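Colleague: The structure's right below; bear with me while I get my questions together.
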Amino acid sequence: MDYDDDFDEDLPDIDDYPTLVSVVRFNKLIPSIPWFSSVGDPLKIKELQAARDYMDMLGFPDAFVAEVEDWEDAAYAAANPEFNSEWWEAEEQLRMGLTANALELMGEEDLNLALTHVSATASEFITQAMEEITEDVGIEDQELIRAAIGSAVQSCHQAALVLAAGEEDSHPFALKYKLFEQGHWPIAITGSSFNIF
């Protein structure tokens, strides 16, 4: 399936919106990302820096990176009811701001179509990657599987919104996406811990 052709059919005036062109390019890269391929591996310096910048820019300078070592610990971190609600609210504020900025550059229908394409592409390839991992590792926890897929798809949606709004790659959502791009799963900020698998 050629996702770019789908974009061109649905968005005939796409060349009039440079930021939408960026979203199309981003969509094309999603299948090549090594989803969850580095989970459990120690974070590299550039990944730790991306995590630190994400926490700082999101307004959590006192938070620290907690490296999750295995799927069992990831399941605990993902199901933890102690999710930092301020973290969720901060991300939601960013999402709303990006949406408003993007809508200054394009119509709502075009934005929604573009983001829907990204989510569909991401869902297909991330689910496929997760299915391969569950077979290899023997994961049977369906809630964990859904949480991992949902988190990665959401990050693609957020990163596409950054591009649609014409923001820089230093935006917190872009930084979080970089962690996924490197094969990790940034799960959540819980208390003062940024749990990254």
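We did not get these values from a lab; they are worked out from the coordinates using the rules stated. Being a predicted model, the structure only gives us computed values, none of them experimental. When we count neighbours, we look across all protein chains shown, and the Cβ atoms used for this are built from the backbone with ideal geometry, even at glycine.
Colleague: Among Gly166, Gly40, Gly107, which one moves the most in a GNM of the chain with springs linking Cα atoms closer than 10 Å?
Modeller: Taking springs between Cα atoms under 10 Å, the residue moving most is Gly107.
Colleague: Another question about this same structure. For every other residue with a beta carbon closer than 15 angstrom to the beta carbon of Cys156, add +1 if it is Lys or Arg and -1 if Asp or Glu, then tell me the sum.
Modeller: My count for the surroundings of Cys156 gives +1.
Colleague: Let me have the 222 nm mean residue ellipticity of the chain computed from DSSP H runs of 4+ only, each contributing -39500 (n - 2.57), with the sum over all residues rounded to the nearest 500.
Modeller: Roughly -21000 deg cm²/dmol at 222 nm, from the helical runs in the chain.
Colleague: Using label points projected 7 Å from each Cα along Cα→Cβ, tell me how many nm separate Gln49 and Asp169, to one decimal.
Modeller: 1.3 nm
Colleague: Determine the distance separating the Cα centre of segment 141-171 from the Cα centre of segment 62-139; give it in Å without decimals.
Modeller: For segment 141-171 versus segment 62-139, the Cα centre distance is 4 Å.
Colleague: Can you list the residues of segment 148-164 with backbone N under 20 Å from a point 7 Å past the Cα of Ala79, pointing along Cα to Cβ?
Modeller: Zone members listed by number: 148-152.
Colleague: What relative contact order, as a whole-number percentage, does segment 51-196 give when Cα pairs under 8 Å and 6 or more residues apart are counted?
Modeller: Result for segment 51-196 is 43 percent.
Colleague: Sorting Val65, Val23, Val137, Val39 on the 10 Å Cβ count, fewest up front, what's the list? Walk me through the numbers on the way to the answer.
Modeller: Values: Val65 16, Val23 28, Val137 13, Val39 19.
With the sparsest Cβ surroundings first, the list reads Val137, Val65, Val39, Val23.
Colleague: May I pose another question? Counting only DSSP beta bridges with both residues in segment 51-196, tell me the antiparallel percent, nearest 5.
Modeller: Values: 5 of 9 bridges.
Taking every DSSP beta bridge within segment 51-196, about 55 percent pair in antiparallel fashion.
Colleague: Still on this structure: Cα gyration tensor of the chain, axes a ≥ b ≥ c as square roots of the eigenvalues: rounded (a/c below 1.5), prolate (a/b > b/c) or oblate?
Modeller: Values: a/c = 2.09, a/b = 1.37, b/c = 1.52.
In terms of gyration-tensor shape, oblate.
Colleague: Go ahead and set up a Gaussian network model of the chain, Cα springs under 10 Å, then flag whichever of Thr99, Thr121, Thr134 fluctuates most.
Modeller: Maximum among the listed residues: Thr134.
Colleague: Within 10 Å of each residue's Cβ, count the other Cβ atoms and sort Ile139, Ile126 from fewest upward. The partial results should precede the final answer.
Modeller: Working: Ile139 17, Ile126 24.
Lowest to highest Cβ neighbour count: Ile139, Ile126.
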